[in-house]
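The structure appears right after this line, and notes come after that.
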Amino acid sequence: MQSPLPGILSNLQNAAQAAGRPVPTLLAVSKTQPTAAIAALAAEGQRAFGENYVQEALAKIEALQGLGLEWHLIGHLQSNKAEPVARHFQWVQSVDRPKLVAALARHRPADLPPLNVLIQVNIDDESSKHGCQPAQIDALAAAIAAEPTLQLRGLMAIPAPWPDPARRHAAFARMHALQQALHGRYPQADTLSMGMSSDYAEAVADGATLVRIGTALFGARVHPA
Ligand SMILES: *Cc1c(COP(=O)(O)O)cnc(C)c1O
């Protein structure tokens, strides 16, 4: 079977060019996928991988160490699991409360570069989703920026899967405005993580700088996640 990676990269390039925006980073979301599938994509040049579950991710990170991959935690994180995450990941995209900021900062080894952190925003105010409210971004950003072992890099969102494209666009546009405001105060907060397999081209048009793509790259997940 032909790899979907070149097609997705070219879709990203085209969407960015059409919108007059920089080409976004592709995060390959590898939750539930076997190590061999990650290694195959890495052999094609893919560097950044996203995982949701800490135990599953740690096993893969260990098995693939030496490939120079960049690991992003994109799933909900309990503070009591912050230590291995702070040691073994380069990014955490799901930071949404002060207690987690403190736990990650405390456990990030001082001899490693700062852990890159995104604030997850519950942009459609869904009770089923994690993430902070937009009004909580400023306080969380200040808490992250005050920690020398953390680097505030921007915002992440998982908008509701609206069937109506206008509602999808509205959620992406609200995120873009929030990220632009944050970037104005924190120049290092240059990242807006939004867009998945079904809507990444729209997300790029609306300002995403990083898209998180799972099924379109790997096929269906091995078990429902
Ligand atoms: C699973 C997941 C994705 C990827 O979703 P696909 O629809 O398979 O592309 C992206 N972001 C988060 C937070 C996820 O949990």
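The values are calculated or read from the model by the stated rules, or taken from the named source; none is laboratory data. As the structure is a computational prediction, the values presented were derived from the model and not from experiment. Note that each Cβ is placed from the backbone with ideal geometry, even for glycine, and that neighbours are counted across all protein chains shown. Note: areas computed on protein heavy atoms with side chains; ligands, DNA, RNA excluded. Shrake-Rupley method; radii C 1.70, N 1.55, O 1.52, S 1.80 Å.
Per residue, how much accessible surface does region 5-214 expose to a 1.4 Å probe? Answer in Å², no decimals.
43 Å²
Projecting each Cα onto the charge dipole of the chain (Lys/Arg +1, Asp/Glu -1 at the beta carbon, about the Cα centre), which of A208, A42, Q120 comes out farthest on the positive side?
Q120
Can you bin region 5-214 into rounded, prolate or oblate? Criterion: square roots of the alpha carbon gyration tensor eigenvalues sorted a ≥ b ≥ c, rounded for a/c under 1.5, prolate for a/b above b/c, oblate for the rest. Spell out each step's value before the answer.
Working: a/c = 1.59, a/b = 1.07, b/c = 1.48.
In terms of gyration-tensor shape, oblate.
Given charges of +1 on the Cβ of Lys and Arg and -1 on the Cβ of Asp and Glu, with all other atoms neutral, how large is the dipole of region 142-225 about its Cα centre, in debye to the nearest 20? Don't skip to the end; give the middle numbers.
Numbers: 7 positive and 6 negative charges, 21 e Å.
Taking the Cα centre of region 142-225 as origin, the dipole is about 100 debye.
Can you compute the charge dipole magnitude of region 1-118 about its Cα centre, using +1 on each Lys and Arg Cβ and -1 on each Asp and Glu Cβ, nothing else charged? Give it in debye, rounded to the nearest 20. The partial results should precede the final answer.
Numbers: 10 positive and 8 negative charges, 64 e Å.
Charge dipole, region 1-118, about its Cα centre: 300 debye, nearest 20.
How large, in percent, is the carbon and sulfur part of the accessible surface of the chain at a probe radius of 1.4 Å? Can you show the working numbers first?
Numbers: 5670 of 10340 Å².
For the chain, the apolar C and S fraction of the accessible surface comes to 55 percent.
Which listed residue (A103, V54, C132) has the Cα farthest towards the positive end of the charge dipole for region 5-214, taking +1 on Lys and Arg C-beta and -1 on Asp and Glu C-beta about the Cα centre?
Positive-end residue among those listed: A103.
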